């Protein structure tokens, strides 16, 4: 069964004069495949956040209950991201990624039939498990096709895929809702009352299945497996100095041995993991509670809430691309200075978001936080590829993913929901988010000096 997932080398070997043209073509296709593929994962993930006000009304749930639903998915995702990414080191990236998308789509269909708190919890846990199959293949593909010198900008391009996926969920849900309401001959009020699961769950699921087919078509294996030569030899043909650990020959070790030797015993991998943990606490502390917070506290309607949610995700696209370029060109491959600067600004944006009562200023602070929070998250992912050999990238992604979601995201969802219910005030959430910003800055600083020492 597992032979299906093993990457297979093509017997054909291309002549030297064809290697570079084919290399550029294949890596572009591969980037587009993991870009659109990972975007698809967010279509069948962020829709859960958008559906929380409807689930809350349907079942009359508390904020702690909603935190349990969203937090359960993220904890399951964190554990799965660790395990699935370790497994992905030995798998064919495109098959692995496509299967995960199909399974996520299936769970979304099942969510549409849920009518109890425990059913929602059970299905979102399953969703979290299958969501873990997306990130490992993405990073493995990027590490296979792009040298260290170019990873900042190209990983930035890939990274905005989840912003686009998360950002287009709201328009897809809204527009498909209007279309389905018209098709069924009911008002939007009646549709949102009775049929909301159709546009929130079924439509994103259908999109994910279609995207999985594109992943199978576009994503390529490593250059060597595609009939070219090893990436280090391609770098030499391009005049790029191989300055990365990537040139280390893949050892004959099991997935667990690779994880233990090259990740668990690597302090740089732990610095990145803890940094990302606090980034995720901030990110999910904001985005998971944004719909309910804006509706209950700031007096937004559902349409205004959808706009704020959309801006939170889409505002990150230009800033992420700029951060990738700056880290490559200005900071010469050092990823943490832009991350530290972003977290300092986020600290003050969070204060503004919680304290302002002006509609437009709240949207501005939310958009700015969304614009900036993905910068340290993205730069942590680039750093991940640079602290371990290529054959251990999936395993290192797994550690970072486990820490980010099991610890960071759960603190930003379940813990904040509990704190708000317990203290009866959103100020508890404010204090937790500001503390996370400070701890993230500290870990980012450790990452920076560790990386600086490594490459001197």
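The values are calculated or read from the model by the stated rules, or taken from the named source; none is laboratory data. Not measured: the values here are computed from a predicted model. When we count neighbours, we look across all protein chains shown, and the Cβ atoms used for this are built from the backbone with ideal geometry, even at glycine.
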Inset, instruction - Could you check the range 62-139 for helices (runs of 4 or more DSSP H) lying wholly inside it with 1 or more residues that are in contact (Cβ under 8 Å) with a residue 60 or more places away in the chain and over 21 Å from residue 289 (Cα atoms)? - result: 63-88, 93-111
Inset, instruction - Among the residues of the range 339-376, count how many are out of contact with any helix residue (DSSP H, G or I) (no Cβ under 6 Å at 6 or more places or on another chain), assigned to a helix (DSSP H, G or I) and more than 25 Å from residue 157 (Cα to Cα). - result: 7
Inset, instruction - Could you tell me which of the residues 364, 402, 391 is under 17 Å from residue 297 (Cβ atoms) and either within 20 Å of the chain's Cα centre (by Cα) or surrounded by fewer than 22 Cβ atoms within 10 Å (Cβ to Cβ) (or both)? - result: 364
Legend entry - Every residue from the range 137-161 that is within 11 Å of the chain's Cα centre (by Cα) and modelled with pLDDT of 80 or more: 138, 158, 160, 161
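For every residue, the table says whether it meets (1) touching a strand residue (DSSP E or B) at 6+ places or on another chain (Cβ under 7 Å); (2) under 20 Å from residue 160 (Cβ atoms); (3) surrounded by fewer than 24 Cβ atoms within 10 Å (Cβ to Cβ).
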{"position": "29", "(1), (2), (3)": "no, yes, yes"}
{"position": "33", "(1), (2), (3)": "no, yes, no"}
{"position": "48", "(1), (2), (3)": "no, no, no"}
{"position": "57", "(1), (2), (3)": "no, no, yes"}
{"position": "66", "(1), (2), (3)": "no, no, no"}
{"position": "85", "(1), (2), (3)": "no, no, no"}
{"position": "103", "(1), (2), (3)": "no, no, yes"}
Inset, instruction - Tell me, yes or no, whether the range 329-338 has at least one residue that is in a loop (DSSP other than H, G, I, E, B), out of contact with any helix residue (DSSP H, G or I) (no Cβ under 6 Å at 6 or more places or on another chain) and either under 20 Å from residue 51 (Cα atoms) or modelled with pLDDT of 75 or more (or both). - result: no
